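Report on the following structure.
Bear in mind these aren't lab numbers, they're just calculated from the coordinates by the rules spelled out. What you see is a predicted model, and the numbers here were worked out from it, not measured in a lab. Counting neighbours? That spans all protein chains shown, and the Cβs are built from the backbone with ideal geometry, glycine included.
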């Protein structure tokens with residue numbers, strides 16, 4: 001049986017609306033109802049565990065999808081170090097060269113956190129160790145990295161992928177041989 005990984009983006013938060021790099025924040029109140037609607041559409045088999053990133057917004061979304069949530073630290077959001085809690089506009093005004101470098105050099109980490117290449121490698125390694133069907137609730141950056149890894153695309157293609165709250169992306173295959181399934 002081929003591995004099937006279904007990535008679900010967590011529901012919306014205040015940071016999502018503000019285009020901010022989030023801290024560990026909860027879902028917005030309306031996101032609970034939207035996530036419950038997604039659960040009805042996904043129709044996961046009874047008893048199937050749902051993997052979740054450790055952030056509160058991921059755990060809350062995962063709890064609405066399945067009865068058992070398995071928190072996996074490797075599904076954590078992109079570590080953006082000192083930029084956490086700040087908006088992109090604020091950073092662009094305060095440190096435009098740092099933001100420009102961050103967007104154009106996938107190995108850069110002006111925020112002191114994880115470089116883009118590190119994020120893509122982390123996510124790719126997590127994917128390549130899976131060998132079953134599973135659902136993982138995580139962050140837009142993690143899902144974008146999974147798509148880049150699946151397509152074996154250059155790291156800068158990460159910036160041309162948009163993942164909205166509660167988006168679902170499925171990949172199938174096995175280590176080194178993934179395909180994207182819309």
Revision key, fill the gap. With the 8 Å Cα cutoff and a minimum separation of six or more residues, the chain has a relative contact order in percent of 32
Exercise for review: Any chance you could give the angle, 0 to 90 degrees and rounded to 10, that helix 29-42 forms with the longest Cα principal axis of the chain?
Suggested key: 50
Check your understanding: With the chain treated as a Gaussian network of Cα nodes joined by springs under 10 Å, which of 27, 116, 151 yields the largest mean-square fluctuation?
Key -> 151
**Study point:** Segment residue 56-residue 14, length gained on full extension (0.36 nm per residue, minus Cα span)
**Key:** 13.8 nm
Practice item. Fewest Cβ neighbours within 10 Å first, please rank 102, 83, 159 accordingly. Key: 159, 102, 83
Review point. Fewest to most neighbouring Cβ within 10 Å: what's the order for 6, 19, 138?
Key: 19, 6, 138
Review point. Measuring from centroid to centroid over Cα atoms, what is the spacing of segment 134-164 and segment 87-112 in Å?
Key: 20
Revision key, fill the gap. Against the 2.2 N^0.38 Å rule of thumb, the C-alpha Rg of segment 91-182 sits at a ratio of 1.16
Practice item. Tell me which label goes with the value of Cα Rg over 2.2 N^0.38 Å computed from the coordinates here: [x] 1.01; [y] 1.18; [z] 0.93. Key: [x]
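Hey, what number do you get for the chain at 222 nm if only DSSP H runs of n ≥ 4 count, each worth -39500 (n - 2.57), divided across all residues, to the nearest 500?
Calculated from helices alone, the mean residue ellipticity at 222 nm is -11500 deg cm²/dmol.
For segment 3-181, what is the percent of antiparallel DSSP beta bridges, rounded to the nearest 5?
The antiparallel proportion sits near 50 percent.
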Exercise for review: Any chance you could give the angle, 0 to 90 degrees and rounded to 10, that helix 56-65 forms with the longest Cα principal axis of the chain?
Suggested key: 20
